[in-house]
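The values are calculated or read from the model by the stated rules, or taken from the named source; none is laboratory data. From a predicted model like this one, the values you see are computed outputs, not experimental measurements. When we count neighbours, we look across all protein chains shown, and the Cβ atoms used for this are built from the backbone with ideal geometry, even at glycine. Each accessible area value is taken on the protein alone, full model and side chains, heavy atoms only, with ligands, DNA and RNA left out. Shrake-Rupley method; radii C 1.70, N 1.55, O 1.52, S 1.80 Å.
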2 protein chains.
Amino acid sequence: MIQGNKFRQAGPTLNAVAALMGDDLRIVNDIIRRRMQSEVALIPTLAGHLIDSGGKRLRPMLTLACARLVGYEGTLHHSLAAAIEFLHSATLLHDDVVDGSSLRRGRKTANLVWGNRATIFVGDFLLSQSFELMIETQSSRAIELLSRATTKMVRGEIDQLGAARRLASNEADYYGVINAKTADLFAVACRMAAVIAGENERREAALDSYGRNIGIAFQLVDDAIDYTSSDAAMGKAAGDDFREGKVTLPVILSYRDGDPQVRRFWQDVISGRTPADEAALEHALHLLETRGAIAETLARARCHAEAAKKAIQYFPDSDLKTALMEAADFSVSRTC
Amino acid sequence: MIQGNKFRQAGPTLNAVAALMGDDLRIVNDIIRRRMQSEVALIPTLAGHLIDSGGKRLRPMLTLACARLVGYEGTLHHSLAAAIEFLHSATLLHDDVVDGSSLRRGRKTANLVWGNRATIFVGDFLLSQSFELMIETQSSRAIELLSRATTKMVRGEIDQLGAARRLASNEADYYGVINAKTADLFAVACRMAAVIAGENERREAALDSYGRNIGIAFQLVDDAIDYTSSDAAMGKAAGDDFREGKVTLPVILSYRDGDPQVRRFWQDVISGRTPADEAALEHALHLLETRGAIAETLARARCHAEAAKKAIQYFPDSDLKTALMEAADFSVSRTC
């Protein structure tokens, strides 16, 4: 909790990027809205429930901003940005379909309102719309990059399912999962801008690194605030990952450096042998604080945000570059 | 039941096509197996549970056979056939994730063994592998056709969810749904063979019609045998559609031509106002038999099988053409 509040005071936002990207963002939002339409009313209703619910449009915004940064003057970035938002939204819908009782308290997920099947198929619809959008660009390298990132992202989700309730996962496994599950898509969102602009490999790699580091930072913060946020801030209860037996970095750090008693505690709750109830969560939070595991997770996120900024430092100075630097800071300033 | 058995005696199989397509089928199976592999063990395990469970490979077989029929000599048909099987398998996995209690008795679906989330994400994995396979062919028209068919298929699934429990659906709606949900993919599976072979529009349309009519016939038979098959033959109980409130052709026919009492019965059970229990199913079967609704559904399926055969009649005679004619008959001879 302490760490979360401290970062909140830093206060960078996405406003600067959003302001600079105004027209492009409007075009992308129009594409998104148009592609969500269907004579099948359930599609715009269910998809809109998620897509219009105040998402930050972070990934498409990065595509748009990076395209501008490299001086791209075409229109393919609009379709690709929309494709990326659809992809991301599809994963969110599929992620919300849970086994048994809902784990997202305080938030009406699509599956609670419309049921599992409808939520899955609307997710599939968004996924296939995403592919149609990609394909329409006819940029074979962008299509290839994005479709591979999709496969990798899904593989990451499945890998994480396997990692749940297994404390054998180490740091390297964890970074593997968050790269596949989150950071690769951020990386591709940025790299694609260089691809469609016909930029050289060095600039492609720079944007890839910028996006990847933001993605990693983003996920690290996500995993930290899952333990520290309050219901009010996040619209869900703290400790969801804990209850699901997810092995995230804070847990890995506390387990790795813990004495036998600490290790046994984590083994028991992660494996599900002892219930992950409120008392267990209290104890978990105590152990994480003793180890400084949340603070270290957030500190690592800050390092990745710095790496992201460094990756684009050789681009000429501009308001946009400054805004992209701020976007990197934003990725570690979130408290929810 | 009577009708089902009658058709069983006709006995056409897919053996002739399968025998003629032997090498091609082996190549496609190799692609499927290779693409299912992943260091994430859950993927081949869960996907293999479905894909290796004795599926007929009907859709990919049609692609292969049609490619041979038009004299195609390249290798793209292998990737496209595998893509189609992945697509179909992804839908099956997603279709198996149900709301609440399972409706597929007597059959261990993937979601029962591995849970909803794993099943959804492995479905997503197959979907994205399917797109990767399409994209690798670099045949932009085939990619476009197949990706549009995917979107349409998913839209059909969602449309059917909306149609469940609403007896307002008429015949036209029903044909719309089964075209989108089933027949379009069959049509594209066949049409693509002409596309990659660079055939003229007339031959493209002929193969499209062949596939579409087989698809419609296939779905009509599916909807008929859902009311007539036994647990033993189908691995699931008769009446699943009935219990789910699905408005299929047999129901539409009985409702449309029924007296007020018959109509009220269908309205009550389809809407869920009265329970779709065993007694209700008994009565439903009685009404369907009185109306001859199953017989008419199967008769229509036969018409579509004949239309499929007619669509390819102008192709030069060959063993393969004969086998494809038999495949059309097979689509209406299934009893499970």
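Write out the GluC sites (Glu not before Pro) in segment A:273-306 meeting two conditions: DSSP loop, and at most 14 other Cβ atoms within 10 Å of their Cβ.
Details: sites: A:E278, A:E282, A:E289, A:E296, A:E306; in loops: none.
Answer by residue number: there is no such site.
Measuring nothing but label to label, 7 Å from Cα along Cα→Cβ, what are B:G272's distances to the other copies in nm, shortest first?
2.8
Using a 10 angstrom cutoff on alpha carbons, build the Gaussian network for chain B and name the most mobile of B:T322, B:T297, B:T91.
Among B:T322, B:T297, B:T91, the largest GNM mean-square fluctuation belongs to B:T322.
What do you get for Rg/Rh over segment B:15-333 if you use C-alpha atoms and the Kirkwood form of Rh? Write out the running numbers ahead of the final one.
Values: Rg = 20.0 Å, Rh = 20.4 Å.
Here the Rg-to-Rh quotient is 0.98.
Mind listing the label-point distances from B:N170 to the same position on all other copies, shortest first, one decimal in nm, points 7 Å along Cα→Cβ?
Copy-to-copy label distances for B:N170: 6.8 nm.
Just to confirm my numbers, what's the Cα centroid distance between segment A:277-336 and segment B:290-309 in Å?
With segment A:277-336 and segment B:290-309 each reduced to a Cα centre, they are spaced 63 Å.
Rounded to the nearest 10 degrees, what's the angle between the helix B:293-311 long axis and the longest principal axis of chain B, both from Cα atoms, 0 to 90?
20
Springs between alpha-carbon atoms under 10 Å, Gaussian network over chain B: tell me which of B:H94, B:H286, B:H78 tops the mean-square fluctuations.
Maximum among the listed residues: B:H286.
Normalise the Cα radius of gyration of segment A:103-246 by 2.2 N^0.38 Å (N = residues in it) and let me know the number. Display every interim value, and only then the final one.
On the way: Rg = 17.4 Å, N = 144, 2.2 N^0.38 = 14.5 Å.
The reported ratio for this selection is 1.20.
Which distance in Å, rounded to a whole number, links the C-alpha centroids of segment A:137-177 and segment A:15-67?
Cα centroid to Cα centroid, the span is 24 Å.
Got a number for the accessible area of A:D257? Probe 1.4 Å, square angstrom, nearest 10.
Solvent-accessible area, nearest 10 Å²: 80 Å².
What translational D, rounded to a whole number of µm²/s, comes out for segment A:188-336 from Stokes-Einstein when the hydrodynamic radius is the Kirkwood one over Cα pairs, at 25 °C and 0.890 mPa s? Please list the in-between numbers first.
On the way: Rh = 16.9 Å.
Diffusion coefficient, whole number: 145 µm²/s.
Across every pair of different alpha-carbon atoms, what Kirkwood hydrodynamic radius in Å does the protein assembly as shown reach?
On the way: mean 1/r = 0.0374 Å⁻¹.
It is 26.7 Å.
Could you give the longest part of chain B that holds none of the trypsin sites (Lys or Arg not before Pro) found in DSSP loops with at most 14 neighbouring Cβ atoms within 10 Å? Don't skip to the answer; put the middle values down first.
On the way: sites that count: B:K56, B:R105, B:R107, B:K108, B:R166, B:R273.
The reported range is B:167-272.
Mind checking which of A:G156, A:G48, A:G74 has the largest fluctuation in a GNM of chain A, springs on alpha carbons under 10 Å?
Residue with maximal mean-square fluctuation among A:G156, A:G48, A:G74: A:G74.
Using Cα-Cα distances under 8 Å and only pairs 6 or more residues apart, what relative contact order does segment B:169-278 have, in percent?
Working: 107 pairs, mean separation 24.4, N = 110.
The value is 22 percent.
Once both axes come from the Cα atoms, what is the angle between helix A:278-291 and the longest principal axis of chain A, in degrees from 0 to 90, rounded to 10?
Tilt relative to chain A: about 80 degrees.
May I ask you to derive the relative contact order of chain A, considering only C-alpha pairs under 8 Å and at least 6 residues apart, and to give it as an integer percent? List each step's numbers first, then the result.
Details: 474 pairs, mean separation 77.3, N = 336.
This gives 23 percent for chain A.
So for the pair A:A168, A:R202, with labels modelled 7 Å out along Cα→Cβ, what separation do we get in nm?
Calculated label separation equals 4.5 nm.
How far apart are the A:G198 label points across copies, placing each 7 Å from Cα toward Cβ, in nm, shortest first?
Going from nearest to farthest copy, the values are 2.8 nm.
Accessible area of the protein assembly as shown with a 1.4 Å probe: how many percent of it is carbon plus sulfur?
Working: 13130 of 26280 Å².
Heavy-atom surface of the protein assembly as shown belonging to carbon and sulfur, 1.4 Å probe: 50 percent.
How big is the charge dipole of chain B about its Cα centre, in debye rounded to the nearest 20, if each Lys and Arg gets +1 on its Cβ and each Asp and Glu gets -1 on its Cβ? Before the final figure, lay out each step's value.
Details: 40 positive and 43 negative charges, 26 e Å.
For chain B, the charge dipole is close to 120 debye.
Testing the spin-label approximation: label points 7 Å from Cα along Cα→Cβ at B:D240 and A:D23. State their distance in nm.
That separation, rounded to one decimal, is 5.4 nm.
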